[in-house]
């Protein structure tokens with residue numbers, strides 16, 4: 001007995017019920033399989049609800065279709081809300097065709113309405129034409145502005161005319177994704193497309209224009225964003241767009257930005273998270289309407305401010321520093337200024353040991369290294385120690401060494417700077433052969449990190465592996481010199497084998513705290529911070545003063561009150577009458593008109 005005979009027997013008292021599904025057999029004969037690759041047959045859903053895995057929420061698929069491959073008892077057994085979408089092995093890419101029984105189940109009684117088991121008519125705007133999960137993306141707005149920002153001359157005009165003028169760019173079909181970011185980065189999400197679509201677009205440009213346009217390269221670091229870490233969530237699929245209006249409509253459905261990244265960010269190493277966020281900022285920089293040089297300056301300033309915050313947390317002068325989250329500040333009263341007569345309120349984050357190096361070399365023969373200064377400040381030595389006025393109690397714990405290369409002991413720089421290799425003020429200089437410099441420097445970065453003095457024995461923590469923070473001032477030149485002298489520690493710098501937990505540049509930190517645009521030299525930084533200093537351009541002294549300057553800068557950034565004599569000088573300036581020509585004093589003051597800020601999109 002076929003299904004039609006069984007239905008006739010079941011509803012023999014009211015045959016009209018069978019007419020509620022007219023054309024049933026014709027529908028079955030003509031209905032084509034629904035391809036998962038067809039944008040017109042996509043799951044109807046919230047545009048930001050589809051996870052980037054090959055699963056779909058139960059409400060999006062047929063769950064009670066005999067022979068479809070979907071387990072009927074999945075809900076009861078698993079209790080989950082996601083079911084794999086199985087395909088008929090005989091028809092790859094197609095969902096199994098529904099049977100008569102399945103269609104009647106939904107259509108035989110109009111009062112029931114569409115059931116969860118019924119076939120869903122999908123929305124054409126919410127599916128990608130590619131079922132694979134992309135791992136590299138391109139900011140679509142940056143690509144929409146590509147010729148105006150990264151091209152010039154005749155090529156820019158030809159590209160714009162052929163691919164952009166009149167809204168041509170947005171009339172292409174794009175698979176849109178979005179990445180929600182903390183409000184500290186941007187108020188809006190980052191709108192993306194798969195990078196392979198962007199590369200295909202560039203290839204089409206090159207083929208049409210007979211050009212060699214490149215999507216990536218110098219100045220275009222944010223054009224491709226790659227997600228290579230399994231712990232970092234992929235962007236969410238938003239929908240498919242083929243017009244500017246559709247793009248705007250989809251963008252309106254993106255959830256509001258949150259204050260910080262999700263819990264996953266706390267599982268990543270700080271350096272990995274910092275690199276990821278830096279790449280995100282680069283992608284946003286590609287969107288903004290400003291020149292690349294200014295974008296790089298802003299990024300550099302932002303990075304320096306982040307390092308300043310981390311440095312203060314290392315000294316226990318602010319709460320625990322968490323990357324990519326809202327940070328309390330002294331400016332709005334969330335953190336009270338430091339009292340130097342009391343121990344710090346917070347713990348020393350990560351209990352680091354600061355190691356500063358300073359190199360001097362022959363100004364006429366740059367390859368001849370003449371001096372190495374090494375200074376350390378161990379935060380575990382400061383447990384229970386009050387900072388003292390201007391951090392002097394902390395600065396007193398700095399330990400310094402001065403290495404002089406024996407082969408060049410008679411050389412003194414005098415042309416570009418006035419060296420003083422014989423005037424080390426914090427101990428006795430040590431003469432070492434040139435061949436041993438690298439090994440001796442490396443030893444300073446291993447337990448106990450510095451040779452202890454008789455009155456300063458090596459405590460137990462000196463023999464433990466520690467978080468080493470490298471400190472210096474304009475370090476690139478010093479690092480290159482140490483590499484040239486076979487220091488393995490610095491040969492591994494910026495590699496996965498690097499021993500450094502963090503790197504702090506005093507010049508950059510000072511610029512971030514002061515708001516200045518350019519880095520200062522050591523002498524100018526020390527003078528500004530009121531650190532008394534003599535005999536600079538001695539490697540040992542310079543290393544010591546660099547760490548001393550770091551301590552003083554931390555106290556200043558933590559809100560320590562100005563020095564007493566500074567107050568007196570300011571009081572004198574405020575009480576001293578200003579002499580002005582009588583005619584000038586009678587002139588009305590002109591209003592200052594500020595420069596208009598650049599509008600950023």
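Numbers for the structure displayed
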quantity: Residue in region 418-425 that is surrounded by 19 or more Cβ atoms within 10 Å (Cβ to Cβ) and in a helix (DSSP H, G or I) present; calculated: no
quantity: Options 128, 132, 118; residue that is assigned to a loop (DSSP other than H, G, I, E, B), at pLDDT below 85 and touching a strand residue (DSSP E or B) at 6+ places or on another chain (Cβ under 6 Å); calculated: 128
quantity: Looking only at region 163-187, and only at residues there that are under 17 Å from residue 249 (Cβ atoms) and surrounded by fewer than 16 Cβ atoms within 10 Å (Cβ to Cβ), the one that is modelled with the lowest pLDDT; calculated: 167
quantity: Residue 344 vs. criteria touching a residue at least 12 places away in the same chain (Cβ under 8 Å), surrounded by 17 or more Cβ atoms within 10 Å (Cβ to Cβ) and closer than 21 Å to residue 389 by Cβ; calculated: yes
quantity: Evaluation of residue 256 against (1) assigned to a loop (DSSP other than H, G, I, E, B); (2) surrounded by fewer than 15 Cβ atoms within 10 Å (Cβ to Cβ); (3) in the same structural domain as residue 148 (by TED's automatic domain parsing); (4) modelled with pLDDT under 80 (one fails), failing number; calculated: (4)
quantity: Scope region 366-397; condition part of a helix (DSSP H, G or I) and closer than 16 Å to residue 529 by Cβ; matching residues; calculated: 389, 390, 391, 392, 394, 395
quantity: Hey, residue 391 out of contact with any strand residue (DSSP E or B) (no Cβ under 8 Å at 6 or more places or on another chain) and on the phi > 0 side of the Ramachandran plot or not; calculated: yes
quantity: Some residue of region 358-381 being free of Cβ contacts under 8 Å to residues at least 40 places away in the same chain and within 16 Å of residue 312 (Cα to Cα); calculated: no
quantity: Meets criteria (surrounded by fewer than 12 Cβ atoms within 10 Å (Cβ to Cβ) and either without any contact (Cβ under 8 Å) to a residue 60 or more places away in the chain or farther than 19 Å from residue 135 by Cβ (or both)) for residue 160; calculated: no
quantity: Yes/no for residue 199 being crowded, with 17+ Cβ neighbours inside 10 Å and farther than 14 Å from residue 284 by Cβ; calculated: no
quantity: Residue match in region 407-427 (condition: more than 39 Å from the chain's Cα centre (by Cα) and farther than 25 Å from residue 360 by Cα); calculated: no
quantity: Any chance residue 485 is in contact with a strand residue (DSSP E or B) (Cβ under 7 Å, 6 or more places away or on another chain) and either at pLDDT below 95 or outside the structural domain of residue 370 (by TED's automatic domain parsing) (or both); calculated: yes
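For every residue, the table says whether it meets (1) buried (at least 19 other Cβ atoms within 10 Å of the Cβ); (2) in contact with a strand residue (DSSP E or B) (Cβ under 8 Å, 6 or more places away or on another chain); (3) in a helix (DSSP H, G or I).
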| residue | (1), (2), (3) |
| --- | --- |
| 229 | no, no, no |
| 232 | no, no, no |
| 238 | yes, yes, no |
| 247 | yes, yes, yes |
| 274 | no, no, yes |
| 279 | no, yes, yes |
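The values are calculated or read from the model by the stated rules, or taken from the named source; none is laboratory data. Predicted, not measured: the structure shown is a model, and the values here were computed from it. Note: ideal-geometry Cβ built from the backbone for every residue, glycine included; neighbour counts use all protein chains shown.
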